[in-house]
Amino acid sequence: MYWAAATALLSHWRRHPVQLATLLLGLALATALWSGVQAINAEARASYGRAASVLDQNRLAQLVERDGDLISADRYALLRRDGWNVSPVIEGDVRFGRERIRLIGIDPLTMPPEGQSVETAEAQDLFDFLSPSGLLIVSPATAERLEGQTAMKLKISGQMPDGAAFADISIADRLLARNGGLSRLVVAPEQALDLGRLDQLAPGLTVRQAGDRPDVAQLTDSFHLNLTAFGFLAFAVGLFIVYAAIGLAFEQRRSTLRTLRALGLSLSAVTVTLMVEILVLALVAGLTGVVIGYGMASLLLPGVAATLRGLYGADVPGTLSLRPEWWATGLGMAIAGTMISSAQSLWRVRNMPLLATAQPRAWARASARSARFQLVAGLLLIAVALTLSFTGKGLAAGFGVLACLLLGAALLLPAILSGFLSIMQGRSSHPLAAWFWADTRQQLPGLSLALMALLLALAANVGVGTMVSSFRLTFVGWLDQRLAAELYVTARDEDEASRLRIWLMDRATTVLPIWNVEGEVLGETLQIYGVANDPTYRDHWPLLRGEKDVWDQIATGRGALVNEQLWRKKGVEIGDQLPLPGGWSVSIVGIYSDYGNPKGQVIIGIDKLAEHYPDVSRLRYGIRASPKAVPALKEQLTGEFRLPSENVVDQASLKQQSRGVFEQTFAVTGALNIFTLAVAGFAMFASLLTLSGIRLPQLAPVWSMGVTRRDLVAFEIARTLALWLATFIAALPVGLALAWVLLSIVNVEAFGWRLPMHVFPADWLQLGLVALAAAGLSILIPLRRLMAVGPSELLRTFANER
Amino acid sequence: MNARSGSSVWLVALMFLLALTGGSRSQGFAGLGTNAEGFSVPRPGQAFRFPADHGPHPDFRIEWWYVTANLQSADGAQFGVQWTLFRSALAPKTEAGWADPQIWMGHAALTTKDRHYSSERLARGGVGQAGVVPEPFSAWIDSWQMKGVQGSSGPLNNLDLTASGKDFGYQLSLSAKGPLVRQGDQGFSVKSAGGQASFYYSQPFYDVSGIVDVAGRAVPVKGKAWLDREWSSQPLAANQTGWDWFSLHLDTGEKIMAFRLRDEKGGYTSGNWISADGQPSALPPGSLELTPLSSVSVGGRDVPVAWRVRIPQRSFDVTTTALNEQAWMPTRTPYWEGPISFQGTASGRGYLEMTGY
């Protein structure tokens, strides 16, 4: 009996292959976007986790200096002699030729086994590791990058994260010029019981507990939340398709179901059969979606990796591995989503009156009550969005505003469109025009889901597009200010640096030191730069706020500038005292914008920097020279002075590089935008296709009254265009609101900077054309079908259905 | 060489490495049989200069400060204690800071009848985590130390010795009741027929008192201890695979140091008979017979823990018994080291070390 029932129900799909394909493809696409995004996130998180455990030994507690200074080797020896089982680590960024990598110097003799994640089982490896010429343990990708950049021996380990290297502590000490100073001490889990008290033995040291989340994971949270939000949006749009397709399939099978029930199949048997069917469909589509998602993620991941590196300095490999956390949740989402979208249909089947006649369009007759409900819910959501945007705090509130805004706008759309159509209908005097508007309005419930999907996709495109373009405009202007020097040079060592300063004396207008130290300020490890007293800064530096005599205060050493990120994150204000590493402080006199930098930054006068941090590396300089002299000077620097060409960068190429990083950052967003639009286009296509199948009864009488099929086709095109245009117009304010939320709430939370909003109507036009093309494509098949309907069929329909 | 992997993947074969120069393939036990390019080599006829020679010799590749003690509590329970600091140079020089090529390794052990506790420490020189200062004498690695007591007549005459591991520890006072003893030919100790040798002197006359901590229980003990000082750059021949080494405290007050370096043939034996007042008489190669009597499985290997030691020339013939046959040092380079007693033509206690099994 079950089998017979199943065969009867399944035969529906054989007769409607396009409907089946729509359902499967819709669900597969939605799952693909969701699981693709999750795959990217999972890969990135796994890589942060691995980096933290391998590089930072974060599974073990650590000792660090409270004010961010280095720990002296003497203090380490004292702790050891007092019985503490600690192991020293020296780490920092080091440049090998053109490549900059994170170098972690460890002492294999004392590092506890829990902190040693990379294997060098051979005695020969350990010998090389400890040898004065040095051995770097790197990932295969890093080894490739370092090829020819260093004379040191490389050992490849698959366990190493990219962009980092392990070396012996003596090598790190030498390369980073630390003079024995340690970045941190790893605390072994096994310790003697009768240890002295740490605060007496080593005042100033503080314990960082094991398992703290890596900085980079916190830093990139916002980015991954962004991706997740996009994935979820796409998934929601995809579910509209599934909902529409399943609803249609159930309605069309009402008569079959009724027959089966009449033949004695129990209600529960029918429900079970249908549920199994849905489950199988969800599984097939979900699996397909996961496969597509994998492909999509593989395509996007290199871009994401580049973004994360450029924006946050986080290293994520460009290749994807199959992790259950994303493919399983992807599949789970597909099944759950399908079940939710079909719940209403299943419910209707259960409550279906056994003897009522079939009403093929019953599903499309959205009752007046549900329309009212939608309207009220939509208004409520918009109200919540408004309230949240004024009162909410944090990234979650930002995304809450986004979600309420988008969902509310989508729910309001049918009411808005219906109002628009009523007005048009009232204004039409020609009966055919009045029919056109009335008929369009009558179709609205069937199309409204697809239109909502379109609205969401369009609004997301407008919003994200506006944000990106605003950002680009601000960023490019800011780059022009910030990169004022004509040439940027880096000496290879202090010796060369001092020769360079002398050499440049009569060749350049001004030589501006770009020196910086890393230290802990307000609990965050950040860069402290020193600037010279020079008009270059007074004229160009992009200050957001500042006292009038900012640059004098800096020059005399009394003041410091902080970047916007530090200002927002730590809530410091102009006039506050800023404690700096080494136990001194300056007052904050200004705030500058610092786009593209995930961390806080401090600028002080160059003399103060050199005074308090005499070990500062004095290798980098900005050179002011007349633009005409730049090419010659560049030539001389590499030729006469013999600097490697990668150590001499002119302003134009630096700007180009920065812009490259910027474009890369939003390449992924752009790609996801297009995918979302594709899903929405497909939703539109699916809905129109569905409607076209059941619209003959409406068209037949019009045709019989003398309207030609050609005119009917023209009407169909006009109807699609009218709906598309109305949706597009509705999407614009929603998109702009979205852009505002992104720029003034989400970005501030995620990146720590706020950008002015700029509006780009030309981009909207482009987007409108793309959406128009999608709408045009989606109507092609239904139209061909209409053209192909013979007069006899129209006649028959007219006769039979009435 | 049969280095078993320890808990740390880095250091599976540290001893291998410690004795290596220029990354040549290791030979002999713990790589001690390799060439000594760049390092100083022991030559006969060089007199010791104290106290300087109590300190490190960075131009030699390996060196150790090695104390073994046979102890007894008031209720008659026997204990063995080992305290060892090894120095191993990657290059024949020393430098301040992390770049120092001198690597230090400490081994500490406490043996009871039923248990054998041990611990191992590693450190590099240059930063103060480990090292030796000749005067006032101090040898240390982490919190373990062997320290000269101020005001004593010679740097090594009175020593405080401490070490602790996860579940054991000891604090002992050592007091020398006799002179330093030069092993071999005035301290030049030949280790093979090919002439490989080391500088080697001992202080075998310590009386000991102190406390051993056995799994949290402090036990007062008394007994005898023996300090060995040895340094070289290449003490083993390439074909030598390990050694069996005895230090014996005879009840008469006499001491015997005896060893056999094993090779594919009969091995190379040598030793020293030390009178109760500290006068050494070398036991020439061949005058000493060391015969394993029975083996047990220790640390996964067959190790001979009972021996017959014969010195026909001295009418000395004893059989040794280990206090604890499982006195295995499960260190990065594993070996057997534990207290023994002996009976026969003479009786007493001592220490046995067996490597390369």
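For peptide A:75-87, the mean count of partner chain Cβ atoms within 10 Å of a residue's Cβ comes to 4. A Cβ-based charge dipole, computed about the Cα centre of the protein assembly as shown with Lys and Arg at +1 and Asp and Glu at -1, lands at about 4940 debye. Placing +1 on the Cβ of every Lys and Arg and -1 on the Cβ of every Asp and Glu, with nothing else charged, gives segment A:487-624 a dipole about its Cα centre of roughly 280 debye. For B:Ile340, the amide hydrogen comes within under 5 Å of the amide hydrogens of B:Leu323, B:Gly350, B:Tyr351, B:Leu352, counting only partners 5 or more places away or on other chains and with H modelled in the peptide plane. Gain on full extension, evaluated as 0.36 nm per residue between A:Ala762 and A:Trp584 minus their Cα-Cα distance, stands at 58.8 nm. Between A:Lys393 and B:Arg308, the modelled labels are 8.8 nm apart [label points 7 Å from Cα along Cα→Cβ]. Across the protein assembly as shown, Cα-Cα pairs more than 50 Å apart make up 49 percent of the total. Take each residue in B:123-130, count the other chain C-beta atoms within 10 Å of its C-beta, and the mean is 6.
As a calculated quantity, the FRET efficiency between B:Asp277 and B:Arg115 at R0 = 41 Å, using C-beta atoms, amounts to about 0.65. Dipole orientation for the protein assembly as shown: of the candidates B:Leu110, B:Leu290, A:Leu27, A:Leu27 has the Cα lying most toward the positive pole (charges on Cβ; Lys, Arg +1; Asp, Glu -1).
Distance between the modelled labels on B:Ala215 and A:Asn351, one decimal in nanometres: 7.3 nm (7 Å Cα→Cβ projection). For the residues B:Glu325, B:Glu264, B:Glu63, a GNM of chain B with alpha-carbon springs under 10 Å puts the largest fluctuation on B:Glu264. Once C-alpha pairs closer than 8 Å and six or more residues apart are averaged by separation and normalised to the residue number of chain B, the relative contact order reads 16 percent. Here the gap between A:Ala4 and A:Gln442, fully extended at 0.36 nm per residue and compared with their Cα-Cα distance, gives a gain of 153.9 nm.
Rounded to the nearest Hz, the phi-derived 3J(HN,Hα) couplings of segment A:601-610 under the Karplus curve 6.51 cos²θ - 1.76 cosθ + 1.60 (θ = phi - 60°) are 8, 10, 10, 10, x, 4, 5, 5, 4, 5, where x marks glycine and proline. Here the protein assembly as shown carries DSSP beta bridges of which approximately 90% are antiparallel, counting only pairs with both residues inside. For A:Ser617, the amide hydrogen comes within under 5 Å of the amide hydrogens of A:Asn516, counting only partners 5 or more places away or on other chains and with H modelled in the peptide plane.
Taking the average, over residues, of other Cβ atoms within 10 Å as the packing measure, peptides A:604-615, A:162-173 rank A:162-173, A:604-615 from highest down. Label point of B:Lys222 set 7 angstrom out along Cα-Cβ; within segment B:36-76, amide nitrogens under 17 Å from it belong to B:70-76.
Working ranking of peptides A:277-285, B:276-284 by packing, defined as the average number of other Cβ atoms within 10 Å per residue, highest first, is A:277-285, B:276-284.
This model, with +1 at the C-beta of Lys and Arg and -1 at the C-beta of Asp and Glu, gives segment A:494-533 a dipole about its Cα centre of some 300 debye. Which one of B:Gly299, B:Gly266, B:Gly195 has the biggest mean-square fluctuation once chain B is modelled by GNM with Cα springs under 10 Å? With Cα springs under 10 Å in chain B, the top fluctuation among B:Gly299, B:Gly266, B:Gly195 is at B:Gly266. Ranked by the mean number of other Cβ atoms within 10 Å per residue, highest first, peptides A:262-274, B:150-162 order as B:150-162, A:262-274.
Of all DSSP-defined beta bridges confined to segment A:487-624, some 70% are antiparallel rather than parallel.
Positive contributions from Lys and Arg (+1) and negative ones from Asp and Glu (-1), summed over other residues with Cβ under 15 Å from the Cβ of A:Ala775, come out at 0. Note on B:Ser297/A:Asp69: beta-carbon distance plugged into 1/(1 + (r/R0)^6) with R0 of 35 Å gives a FRET efficiency of 0.05. Looking at segment B:14-354, how many pairs of lysines come closer than 26 Å at the Cα, when each pair is eight or more places apart or spans two chains? Taking the Cα cut-off of 26 Å, the pair count is 20. Under a 5 Å amide H cut-off, with hydrogens placed 1.01 Å from N, A:Leu512 pairs with A:Gly622, A:Ile623, A:Arg624 among residues at least 5 apart or on other chains. Applying 1/(1 + (r/R0)^6) with r as the Cβ-Cβ distance of A:Ala328 and B:Lys177 and R0 = 45 angstrom yields a FRET efficiency of 0.05.
The phi torsions of segment B:126-131, fed into the Karplus equation with coefficients 6.51, -1.76 and 1.60 and a -60° offset, translate into couplings of x, 10, x, 6, 8, x Hz, rounded to whole numbers, with Gly and Pro shown as x. Across segment A:471-484, computed HN-Hα scalar couplings (Karplus, 6.51 cos²θ - 1.76 cosθ + 1.60, θ = phi - 60°) run 4, 4, 4, 5, 5, 5, x, 5, 4, 4, 5, 5, 8, 8 Hz from first to last residue, x flagging Gly and Pro. The mean number of Cβ atoms from other chains found within 10 Å of a Cβ in peptide A:126-133 is 6, as a whole number. Each label point was placed 7 Å from the Cα along the Cα-to-Cβ direction; for B:Ala77 and A:Glu547 their separation is 7.3 nm. Between A:Ala434 and A:Arg796, the contour length at 0.36 nm per residue exceeds the alpha carbon distance by 127.8 nm.
None of the figures in this text is laboratory data; all of them are computed from the coordinates on show. These numbers come from a predicted model, not from an experiment. FYI the Cβ positions are ideal-geometry reconstructions off the backbone, even for glycines, and counts take in every protein chain you see.
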